[in-house]
Amino acid sequence: MQIRVGFEMVYDCPQPTPMILNLNVHYTRASDLVGRDVLVVDPPVPMSAYRDMFGNWCTRIVAPTGRTRISADVVVNDSGRPDPVVPDARQTPVQDLPEEALVFLLGSRYCETDRLSAIAWERFGSGPTGWARVQAICDFVHQHIAFGYEHARMTRSALEAWHDRTGVCRDFAHLAVAFCRCMNIPARYCTGYLSDVGVPPPHGPMDFSAWFEAFLDGSWHTFDPRNNTPRVGRV
């Protein structure tokens, strides 16, 4: 199937403002693009780009004083299959993890593993490992946080989501990532487009969405604690 993805953002800057835009489809889906995934900036400004350490294509601009419109519109080929479920995927012992996965065990500004470790081990330490442990974390987070756009706050961390029990999809992802890392499972935050294919109506307004990937049995696997069900058309 083919899925049309895109966005429009409008900024009103009081003075010229340097920006780093992380808005392109990830290189792992580059072969699925129909046409070019190009950012359009209005009014036009000089742009330069680079690839960061996570493989994201980042674009640098200086937005002028006043309103700046940034948009993209592209078609993506998709298999039409839901997120794979691999219940027998095993947890890899820390000493056997590849070096490139170790960074995804570390705490961060949004995932305070040092503050959440005792909670994680109390809740998930005596249960199964591997896929079942990550799914147990997703099940818990899905039930623990009440979703609402009115709860969105760019400074909210996993610990705050744990205490507040409210948030948007990024807060679900941050809390699940933090719990996975506390349990020695590498986990990395993802953001992208999530279609409504296969979802019964009524549908909410389409938006960017956040989920995460956990490293199990030598591969990265998709988990979505916000929706907590395999979905079709995740870009």
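Quick check on the stretch 148-174: of everything there that is touching a Cys at 6+ places or on another chain (Cβ under 8 Å) and of a type in the set (Gly, Ala, Ser), which residue is surrounded by the fewest Cβ atoms within 10 Å (Cβ to Cβ)? Top of the filtered list is Ser157. Within 20 Å of the chain's Cα centre (by Cα) and open to solvent by 40 Å² or more (accessible area, probe 1.4 Å): does that describe Arg123? It is false that Arg123 is within 20 Å of the chain's Cα centre (by Cα) and open to solvent by 40 Å² or more (accessible area, probe 1.4 Å). Return yes or no: is Gly130 open to solvent by less than 70 Å² (accessible area, probe 1.4 Å), in contact with a strand residue (DSSP E or B) (Cβ under 8 Å, 6 or more places away or on another chain) and under 24 Å from Phe54 (Cβ atoms)? Taking the combined requirement at face value, the residue does not satisfy it. Somewhere in the stretch 199-215, is a residue in contact (Cβ under 8 Å) with a residue 60 or more places away in the chain, open to solvent by 50 Å² or more (accessible area, probe 1.4 Å) and not in a helix (DSSP H, G or I)? Yes - at least one qualifying residue is present in the stretch 199-215.
Screening the stretch 177-198 for residues that are touching a helix residue (DSSP H, G or I) at 6+ places or on another chain (Cβ under 7 Å) and closer than 24 Å to Leu33 by Cβ and picking the one that is most open to solvent (accessible area, probe 1.4 Å) gives Tyr189. Residues in the stretch 216-235 that are over 12 Å from Val86 (Cβ atoms) and either assigned to a strand (DSSP E or B) or aliphatic (A, V, I, L, M) (or both): Val232, Arg234, Val235. Residue count for the stretch 1-30 under the criterion of being closer than 19 Å to Cys190 by Cα, out of contact with any Gly (no Cβ under 6 Å at 6 or more places or on another chain) and of a type in the set (Ser, Thr, Tyr): the result is 1. At least 3 residues being more than 25 Å from Arg231 (Cα to Cα) and open to solvent by less than 60 Å² (accessible area, probe 1.4 Å) is the threshold, and among the strands (runs of 3 or more DSSP E) wholly inside the stretch 1-104 those reaching it are 17-21, 57-63, 66-77. None of Cys13, Cys58 is at pLDDT 95 or above and within 20 Å of Ala210 (Cα to Cα) except Cys58. Annotation note: of Asp78, Asp88, Asp83, Asp114, the sole residue that is of a type in the set (Asp, Glu) and under 18 Å from the mean Cα position of the chain (by Cα) is Asp83.
The values are calculated or read from the model by the stated rules, or taken from the named source; none is laboratory data. In this text the structure is predicted, and so the values were computed from the model without any measurement. Cβ: placed from backbone, ideal geometry, glycine included. Neighbour counts: every protein chain shown. Ligands, DNA and RNA are excluded from the accessible area calculation, which covers all protein heavy atoms including side chains. Shrake-Rupley method; radii C 1.70, N 1.55, O 1.52, S 1.80 Å.
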